[in-house]
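The values are calculated or read from the model by the stated rules, or taken from the named source; none is laboratory data. No experiment lies behind these values; they were computed from the predicted model shown. For neighbour counting, all protein chains shown are included, and Cβ atoms are generated from backbone atoms with ideal geometry for every residue, glycine included. These area figures cover heavy atoms from the full protein model, side chains too; ligands, DNA and RNA do not enter into them. Shrake-Rupley method; radii C 1.70, N 1.55, O 1.52, S 1.80 Å.
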2 protein chains.
Amino acid sequence: MHRRDLIKLGAATLAAGFEPALIASAAALAPSSTIEQWGFFEVSLSGPSTGNPFKDITLTARFTLEHRTVQVIGFYDGEGIYRIRFMPDAPGHWTYVTASSSPQLAGKTGAFTCSPPTTSGNHGPVTVAQEFHFQYADGVRYFPFGTTTYAYLFSSDEDAKLSLEGMKSYFNKTRICVLPKPLGVDKEKQILPFPRSGASNDLTRFNPAYFQLLEKRLLDLQKYNIEADLILFHPYDAWGYKNMGSDADDFYLRYAIARFSAFRNVWWSIANEYDLVKTKTMSDWDRFFRITVAEDPYSHLRSIHHSGPIYDNTKSWVTHASLQRYDFEKTAERRAAWRKPILYDEIQYEGDVDRRWGNLSAEEMTHRFWLAIVNGAYASHGEVFLSDTGESSWSDAGRLRGESAPRIAYLRALIEKITKLGLTAPETAYYLNAGTPNELYLYYFDYHRPARYDFPLPASVNFSATLVDPYNMTSTLVPGTSSGKSRIALPNKPYQAIIFQKVSDNHNKSTDAAKPDIPA
Amino acid sequence: MHRRDLIKLGAATLAAGFEPALIASAAALAPSSTIEQWGFFEVSLSGPSTGNPFKDITLTARFTLEHRTVQVIGFYDGEGIYRIRFMPDAPGHWTYVTASSSPQLAGKTGAFTCSPPTTSGNHGPVTVAQEFHFQYADGVRYFPFGTTTYAYLFSSDEDAKLSLEGMKSYFNKTRICVLPKPLGVDKEKQILPFPRSGASNDLTRFNPAYFQLLEKRLLDLQKYNIEADLILFHPYDAWGYKNMGSDADDFYLRYAIARFSAFRNVWWSIANEYDLVKTKTMSDWDRFFRITVAEDPYSHLRSIHHSGPIYDNTKSWVTHASLQRYDFEKTAERRAAWRKPILYDEIQYEGDVDRRWGNLSAEEMTHRFWLAIVNGAYASHGEVFLSDTGESSWSDAGRLRGESAPRIAYLRALIEKITKLGLTAPETAYYLNAGTPNELYLYYFDYHRPARYDFPLPASVNFSATLVDPYNMTSTLVPGTSSGKSRIALPNKPYQAIIFQKVSDNHNKSTDAAKPDIPA
């Protein structure tokens, strides 16, 4: 490999505007460099810049660790630069060799050492765990408490900074669009993914600066351990991108996968409100899933978000359901039907705009998160408030103005504290609860406000009881321990919770199984 | 007619414990007495007291006004006294003649003059009006805002008095059981409808004192214009009354109809939670309806209340649906299916007990009433709070302790003020509203809290706008008038309402129809 062909990652990412701190783990790449596990390795090569390199040149590389070989696809980044990105998933000595339709790019070889993770918070990509839940690749549990910032990736640095400030304090996932949506300014002045002349798109080429901006933002999210639920297609189009034709769709999709899949915090959301994209058919959506499965070497999470009819989430390429619903009481039947994790990714927005979906109180948003959790599922936040000059939405990047976010973060911290396993709701419960039999029971009383309740706890275990006020964010330990049927006085108001956690075995009682929570 | 045969109503009702004030309208009955329209006329006759007069003796009377004759059925009231009751529905000179299997009771004749109503609040019995609503027989609109006091009729005078105190301040209807339910005291010490010896019921006779007590309570309700939704069968039995067999069922039902149907404030609720009475079949329920239609000369309102499966409310004998549901969003489809008024008669209870149905906050109860109303239906209140000594329920007679009742009365007063017609919800509405096109629009924003909204009012009418806070019971007039698409600032909190009322025609605008409430 000619030294001149290799442009160090440090220089490349700096050129794209990456902050130096973010690339520390992968910086100073040399043929014998060290990259942390699930870090970001990039080979940059100089090649042809004539014709249409996006279309004309093929480029792949095979990365090998001992007996294993992973093939990844490279892409053209403009100005004669080609890149191949790779996220190593196992420590050891990796080597690679390129292949290309261009002799200039073919047969390049190199090597690097993959170390265990060194960056704080690097647990690898998120995967499905125990059928209905999630974990990072290193086995650390991940509970999605996400938000929605559709325009974050392509909005102004100022707006994106404000948006990130809000996200990093409260959320560990966000839903964001890869293709642009109108930002309320002159739509022709927005940075766009394809070259545009007047009202005409050149769909045979990309605008590398657009994607470089997105990647900078993706790394910003990664820095704060925020998963990027990348929406690949959506109906909020002002430039004709929802009607490009299937060749251009696939061309774009493959390019996005080639660019983004080496980022460990990427999830693929094939579409937002797929059923509102009237220019595509179900076979298009299925094909996008198949392409994603084929071209993403890391099997990042895959879902598709609907508005009306829910996509058939039993299809093998769907890793989890991404729903626009708030009928959480149907979670059990959905789990039974799909056998996959369920994310209620749009449960309406906290805010004050005039559309029905955009004016939840902070109380209602908090309430919906609790309902999702005690039904054994997860939820996503969103926010949209009127500005002085008209409509403005934090979801579209900007300052966080609502009051539910800290309550959601409070719930997240609670869940992360009380369980390493995901919560499962029993099939029959008199009052909503979720947990782990004989270990943990989290009750959420919804609109109910009994003065007291005889909790049907197993008699073989001693439990601590903690009263939780979800909106006021207070936890109050009940003195003593509880075992068997236990009467506990409850606050005289709705939307309260109580957590029972195992303290010890109760050797005074014969072992018995947890009773279903149905009082006589 | 022998003067001795006629025991004056005044004396009879006083003997049963009726307060003198209540019988003023029908007192001083003489052969040529005057009874007000929808008042209470009673013929009392002395007859055989040997054998089983309840079973052995038939007694009817034919009441005639000009060309019209109404046949009514009499009953044995114990101690050799037989009664025939009649509610005249038209002014004029009425005559009657009795028929009986006993020569002592047959062929008795008499007459009275029926005057227009003289008692304040006497508008006659309630009937269905305009398909989905109600009115009194005199055409005055009646909007049911009811409560639930199952044990009111047979509870202690002290409890009943407390219960009535609560009801009379807030409600114009209550659901009450005719057959007893356990009152928490020794069940054998309760007053019972059938003679009982040890654990054995004599189902061939009645205990007149039981029914006399009920009638006293019915008149107390009537005094305060409270409709008595009489539950004829129910599953809350401690004496074997839910398993009497069909002969005894029918015998009891006919006796109840003979005794109660002349009270103008009676409605027939064939059963409460009919599907929980496992000893009866659907053909039993249908038969009870048919008997009620046949034996009640006044066609009082008829419904049947369920727990799980809803009775087929399309059946001709059902006058309105009495539901145990709070899925108000299904009202439109139910109206379309049944073409009858819908009463959500059990929407759970305000209270603090441990059962799921018994611990709503006052806010939630108030909210549910508003949802019922803006969906074009009606609702009933109920209450159950823990006492110091255990469970006690105002629904079962006693002091009113919750805080929703004044809010419900506030809504009732509002509805009575703004419309003489019932409210109808449009088939498609962006935000929940009900009213009368071009006259009245009542919006209830549920959990939504838009900072403002562009209300799609018709341009041909000028409207006043009044902001209503349902829980705080405040109404605030918005300055000026609104016409056509009208932007109005709204309070920054959920569960708020706004009322648009026609002030004048807007002659500046061309006449147009009200637009469906769906913003572009």
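Things worth noting here:
- The C-alpha atoms of the stretch B:109-183 occupy a region whose extents along the principal axes are 41, 40, 23 Å, arranged from largest to smallest.
- For residue A:121, the label point sits 7 Å beyond Cα toward Cβ; its separations from the matching points on the remaining copies run 6.9 nm, from shortest to longest.
- Within the protein assembly as shown: Cβ-based charge dipole about Cα centre, in debye rounded to nearest 20 (Lys, Arg +1; Asp, Glu -1): 420
- Note on residue A:109 and residue A:336: the extension gain reaches 76.9 nm, defined as 0.36 nm multiplied by sequence separation minus the Cα-Cα distance.
- Normalised by residue count, the stretch A:202-343 yields a Cα convex hull volume of 121 Å³ per residue.
- Segment residue B:278-residue B:102, extension gain: residue separation times 0.36 nm, minus the distance between their alpha carbons: 59.5 nm
- Taking the DSSP beta bridges with both ends in the protein assembly as shown, the antiparallel portion is around 70 percent.
- Among the protein heavy atoms of the stretch A:297-423, carbon and sulfur supply 47% of the accessible surface, probe 1.4 Å, non-protein parts ignored.
- Surface accessible to a 1.4 Å probe, per residue, for the residues of the protein assembly as shown, Å²: 38
- Put B:249, A:89 in order of accessible area, highest first, and with a 1.4 Å probe you get A:89, B:249.
- Taking a ≥ b ≥ c as the square roots of the eigenvalues of the Cα gyration tensor, the stretch B:255-412 is prolate, since a/c reaches 1.5 or more and a/b is larger than b/c.
- At least 40 Å² of accessible area lost relative to the chain alone, listed for the stretch A:430-472 with a 1.4 Å probe: A:430, A:447, A:448, A:449, A:451, A:452
- Chain A: antiparallel DSSP beta bridges as a percent of all, rounded to 5: 70
- Computed helical MRE - 222 nm, chain A, DSSP H runs ≥ 4 contributing -39500 (n - 2.57), nearest 500: -6000 deg cm²/dmol
- Mean silhouette area of the stretch A:161-272, derived from the convex hull of its C-alpha atoms and averaged over all directions, reads 7.0 nm².
- With its label point put 7 Å out from Cα toward Cβ, residue A:247 sits 9.0 nm from the same residue's point in the other copies, in order from shortest.
- Between B and A, accessible area buried - total, square angstrom, nearest 100, 1.4 angstrom probe: 2600
- Exam field: residue B:66 pseudo-label spacings to other copies (7 Å along Cα-Cβ), nanometres: 10.6
- The antiparallel fraction among DSSP beta bridges confined to the stretch A:139-264 stands at about 20%.
- Summing Cβ point charges (Lys, Arg +1; Asp, Glu -1) relative to the Cα centre of chain B gives a dipole of roughly 840 debye.
- Evaluated over the stretch B:431-475, the Cα radius of gyration and Dmax, each in Å: 11.5, 33
- Local net charge near residue A:242, Cβ-Cβ under 10 Å (Lys/Arg +1, Asp/Glu -1): 0
- The ellipsoid that matches the Cα gyration tensor of chain B has semi-axes, each √(5λ) in whole angstrom, of 44, 27, 20, with the longest given first.
- Within the stretch B:225-255: backbone nitrogen closer than 11 Å to the residue B:55 label point (7 Å, Cα to C-beta): B:248
- Across chain A, the longest piece that holds none of the GluC sites (Glu not before Pro) lying in DSSP loops with up to 16 other C-beta atoms within 10 Å covers A:189-402.
- Straight-line cross-link partners of residue A:173 among the lysines, defined as a Cα under 22 Å from its Cα and at least 8 positions apart when in the same chain: A:161, A:181, A:216, A:223, A:340, A:417, A:420.
- By the Kirkwood approach, averaging reciprocal distances over each pair of separate Cα atoms, the protein assembly as shown gets a hydrodynamic radius of 33.6 Å.
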